[in-house]
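Student: The structure that follows is given in the form of structure tokens.
The values are calculated or read from the model by the stated rules, or taken from the named source; none is laboratory data. Everything numeric here is computed off the predicted structure, so don't read it as measured data. Cβ placement follows ideal geometry from the backbone for every residue including glycine, while neighbour counts extend to all protein chains displayed. Remember, those area values only see protein heavy atoms, side chains included, never the ligands or the DNA or RNA. Shrake-Rupley method; radii C 1.70, N 1.55, O 1.52, S 1.80 Å.
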Amino acid sequence: MQVKKYMAPSMAEAMKRIREELGSDAIILSSKAVYIGGFLGLFKKRNIEIIAAIDPVSQPNQMVTKQKTKKLPVKQEISSNSTVTQEGNNESADLLKELEGLKDMIKTIQIASERHYPGKLQKIKDYLTEQEVDVQLRSQIMDELLGKWFALKQQSTDEEVQGWLEEALFEVLEKAQNGKPGLQKKYINIVGPTGVGKTTTLAKVAAETMLRHGKKVAFITTDTYRIAAIDQLMTYAKILNVPIEVAYNLEDLKKATERFSHYDFVFIDTAGRNFRNPQYVKDLSEIIDFTDEMETYLVLSLTSKQKDMEDIYRQFASIPIKQIIFTKADETSTFGAIFNFIHAHKLGAAYITNGQNVPDDIEKATSSQLLKTAFGDKKYERSS
């Protein structure tokens, strides 16, 4: 058996090195936090020390090194039938002594990025898989949880392990600005493909701005490809008692912006297909400055596949997207796409919607609210 000690600043980094050097069949013998460096006992850096091992018999396809063919002196032969290299003889001998007191752990603990984890952690891994969390993000989270599991000597309850998962996901979300829609610029541009609930979402955000914050708002729609979209927005405008203009071309849009120049906010409903055409974006930018005058929010449906979300995001990459609005949370049972998208693009979510009612069925997408959406009705007392 080949035994090796690793020292790394984090569990994830240690796991990466172990996989690269020993392979995915390696087993963890022990794991603990150690503190090194510092000055006068202060400012020490926390590291993770891991002892890992691999049985050479389980790796028949590995090439035999030149050192293995050399006959070692009797003093360098280990009674456990483990062979060590001459350079690492002393260190390996010490590590093999530790092995004697850790054999009971070998049966249940493995590095198993996509295979087996200790019982309670395996449930978490299965849950993340079921929720369609990206494999790399899933592996990163499981490495973090595995480190805590070892540090507490496998004595944690299901509730504690669940808490670790929520903390790890919360940290993923907190790397972006969530639940803090700006609405600092006059023109609020809502973009997205057909069928994601774009027009309804625009009406919900406008209603919140008008009813809760007392702002004067107006609507402009450039989505003239679908008559139903115009009729729908006109209905919302009538209910909210706000003016609306339909812009069939850029000249109409220019006139509409002039008419609504004294309003606090002008919400623009656009046709998603327009943004496939670079010329449309160029012409539109001659009327409205995307940077100085407009905030653009991209609407993504949680019923969409992850790949579809990525394709949609690329489609609108020609304009600056401020934040995401996730819709149709009530129409799906998998929420991995939320964590995947925010983790990949570091682009926060402004709102999340869970129904068709206006002005209800919309929440600011704080990190706590996104966790609540993913885990049910638990109460999350986190600041975000």
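Student: Express in Å², to the nearest 10, the accessible area of Leu302 obtained by rolling a 1.4 Å probe over the protein heavy atoms while all chains stay in place.
Tutor: Leu302 exposes around 10 Å² with every protein chain in place.
Student: Another one. Let me know the charge dipole size of segment 291-384 about its Cα centre in debye, to the nearest 20, where only the beta-carbon of Lys, Arg (+1) and Asp, Glu (-1) is charged.
Tutor: So the dipole magnitude of segment 291-384 works out to roughly 400 debye.
Student: Roughly what would the spin-label model give for Lys5 and Asn249, points 7 Å off Cα along C-beta, in nm?
Tutor: 7.9 nm
Student: Turning to a different aspect of this structure: Which value in nm describes the separation of the simple spin-label points at Glu293 and Thr334, placed 7 Å from the Cα toward the beta carbon?
Tutor: My value for the distance between the label points is 4.3 nm.
Student: For the pair Ile239 and Lys32, how long in nm is the line joining their label points, each one 7 Å along Cα→Cβ?
Tutor: Placing both labels 7 Å beyond Cα along the Cβ direction yields 6.3 nm.
Student: Please list Thr201, Thr157 in order of solvent-accessible area, largest first, computed with a 1.4 Å probe with all protein chains present.
Tutor: Heavy-atom accessible area, descending, gives Thr157, Thr201.
Student: Okay, next question. Roll a 1.4 Å probe over the protein heavy atoms and report the accessible area of Thr334 in Å², nearest 10.
Tutor: Number for this one is 40 Å².
Student: Can you give the accessible area of Ile239 in Å² (nearest 10), computed on protein heavy atoms with a 1.4 Å probe?
Tutor: Surface open to solvent at Ile239 totals about 120 Å².
Student: Now for a separate question. Which sequence of Arg259, Arg314, Arg17 reflects their accessible areas, 1.4 Å probe, from the largest down?
Tutor: Putting Arg259, Arg314, Arg17 in descending order of accessible area: Arg314, Arg259, Arg17.
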